[in-house]
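Below is one structure, written out as structure tokens; comments come after it.
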Amino acid sequence: MRRWWDDSQIPLELRGRAGLHHWSLAPESRFLNHGSYGARLRRTVACQQRYASGVEADPMRMLTDQLESKLHEARCGMAQRLGADPEGLVFCENASTAIESVLRSVPLRRGDRVVCLGHVYNAVRQALKRRCLETGAVPVEVPVSLPFDSVALEHAVLAEIQAGASLCILDAITSGSALRTPWTSLAAKIKACGVPVLVDGAHVPGQDPLVLRELDFDWFAGNLHKWAGAPLGAAVLSVAPERREQTFALLTSHHWDEGLSRSFHWTGTRDWSPWLAAPEAWDHMEEFSGGWETLRAYQRAGSKALDEAFTMAFGTQSITPDSARTAMCSVPLPESLQGIDCLKFEHEFDQRFGFRVPMHALSDQTMVRVSIHLHTELEDILALGEAILACANK
Ligand SMILES: Cc1ncc(COP(=O)(O)O)c(C=O)c1O
């Protein structure tokens with residue numbers, strides 16, 4: 001791990017604890033879970049607050065008269081950064097809202113099969129379950145084997161699609177196992193079978209270079225508050241041209257039938273500042289890190305180094321081939337910790353060592369997930385590994 005840390009060209013004063021004053025994180029924080037909620041640069045929080053204060057100063061003019069054009073500008077700005085067609089891109093509060101809006105826009109009937117991955121995000125699993133209970137449709141989860149094999153996954157998903165499906169929900173980067181699936185090629189193949197594809201890209205904006213308008217999907221939902229540097233409450237839904245007329249926001253408001261952006265952008269009074277600040281937040285992160293590619297290379301190298309160090313120390317096998325590597329890494333826990341109650345262990349672990357890290361049980365493996373960002377402190381990662389070993393040897 002030290003080699004990764006020492007070899008990086010990103011200045012040391014921007015990394016780990018030395019750079020923490022640029023972030024809103026508490027100076028004493030040992031924050032190793034960027035993947036769940038992200039973390040904001042102070043600059044970005046100040047920018048969002050300026051938008052929020054502008055509204056507070058003159059609500060009527062800002063919201064009734066100017067909001068729509070400001071949101072249009074922000075939407076075009078975000079579309080340009082994600083390589084998307086602005087006409088098909090809308091802001092949502094989070095990936096959950098975006099995904100449920102799609103689930104409720106797609107007509108489902110009794111017996112229709114909806115295919116998703118066995119590592120689907122649990123809230124998405126629950127949204128699908130609820131929709132299936134209401135319509136009589138049937139969720140079909142495709143098992144994901146570990147160590148991850150993208151070719152095997154592709155075959156397994158396509159076999160379920162060919163067995164008949166009305167919708168496929170495809171994770172681009174899985175949550176608990178932190179794996180990048182072959183989603184771009186798979187989505188194209190699923191679409192070619194005539195099955196609509198909803199890509200759960202919650203972790204993708206900021207992590208992967210995107211030119212959304214060149215990719216095949218029906219809907220792509222992506223959070224901006226995880227890896228794209230934006231305030232909490234900022235996400236996007238990108239909708240293919242042929243789906244725009246039939247895609248509606250989850251909440252019905254004044255403009256629900258006046259096209260995609262009016263339907264999604266006014267769903268009752270709310271705080272729009274996370275959306276308005278999103279394009280600037282993207283630029284702040286890009287500038288701070290010396291460019292997205294520099295940041296991504298640093299994150300992946302850190303994730304790989306962590307995988308090697310932890311699997312060796314824990315005596316376990318990596319689940320992550322290089323092609324599936326992301327800025328997060330899930331590593332199987334030592335044998336003696338396999339099968340533990342994850343949530344209980346997370347809390348005990350936090351109380352004992354001061355690390356609040358997510359643990360997951362997936363495909364018969366209990367694993368810990370660590371995220372790598374510029375605020376991640378090498379000493380914290382090393383201390384986490386030692387703390388896990390101390391628990392395993394108890
Ligand atoms: C793969 C995946 N999908 C969806 C979500 C939901 O994101 P949110 O809570 O922002 O709606 C998450 C959150 O971590 C996720 O990891």
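Numbers for the structure displayed
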{"read-out": "DSSP-loop trypsin sites (Lys or Arg not before Pro) across the stretch 103-170, with at most 12 other Cβ within 10 angstrom", "value": "R109, R110"}
{"read-out": "Which of G194, L67, A46, positive extreme of dipole for the stretch 46-284 (C-beta unit charges)", "value": "G194"}
{"read-out": "Segments 220-228, 167-175 sorted - mean Cβ within 10 Å per residue, highest first", "value": "220-228, 167-175"}
{"read-out": "Among L333, V211, G16 - extreme Cα towards positive end, dipole of the chain, charges at beta-carbon", "value": "L333"}
{"read-out": "Charged-residue dipole, Cβ positions (Lys, Arg, Asp, Glu), the stretch 46-284 about Cα centre, Debye nearest 20", "value": "480"}
{"read-out": "Length added when fully stretched, E348-E242, from 0.36 nm per residue minus Cα-Cα", "value": "33.2 nm"}
{"read-out": "Relative packing of peptides 381-390, 297-306 - highest average C-beta neighbours within 10 Å first", "value": "297-306, 381-390"}
{"read-out": "Rounded to the nearest 20 debye, dipole of the stretch 286-394 from Cβ charges on Lys, Arg, Asp, Glu", "value": "180"}
{"read-out": "Proximal lysines to K394, defined as alpha-carbon separation beneath 25 angstrom and excluding residues fewer than eight positions away on the same chain", "value": "K344"}
{"read-out": "Relative contact order (%) - the stretch 102-234, alpha-carbon pairs under 8 angstrom, separation at least six", "value": "21"}
{"read-out": "Positive-end residue of A240, L343, P86, charge dipole of the chain with Cβ unit charges", "value": "L343"}
{"read-out": "Percent RCO, i.e. relative contact order, over the stretch 46-284, from Cα pairs under 8 Å lying at least 6 residues apart", "value": "26"}
{"read-out": "Highest-first arrangement of 145-158, 318-331, where packing means the average Cβ count within 10 Å", "value": "318-331, 145-158"}
{"read-out": "q = 0.07, 0.11, 0.17 Å⁻¹: log10 I(q)/I(0) that the Debye formula gives for the stretch 46-284, counting C-alpha atoms only", "value": "-0.23, -0.55, -1.23"}
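Where a number appears in this text, it was derived from the coordinates with a stated rule and is not lab data. This one's a predicted model, so the numbers in the text were calculated from it and none came from an experiment. Glycine also receives a Cβ, built like all others from the backbone with ideal geometry; neighbour counts cover every protein chain displayed.
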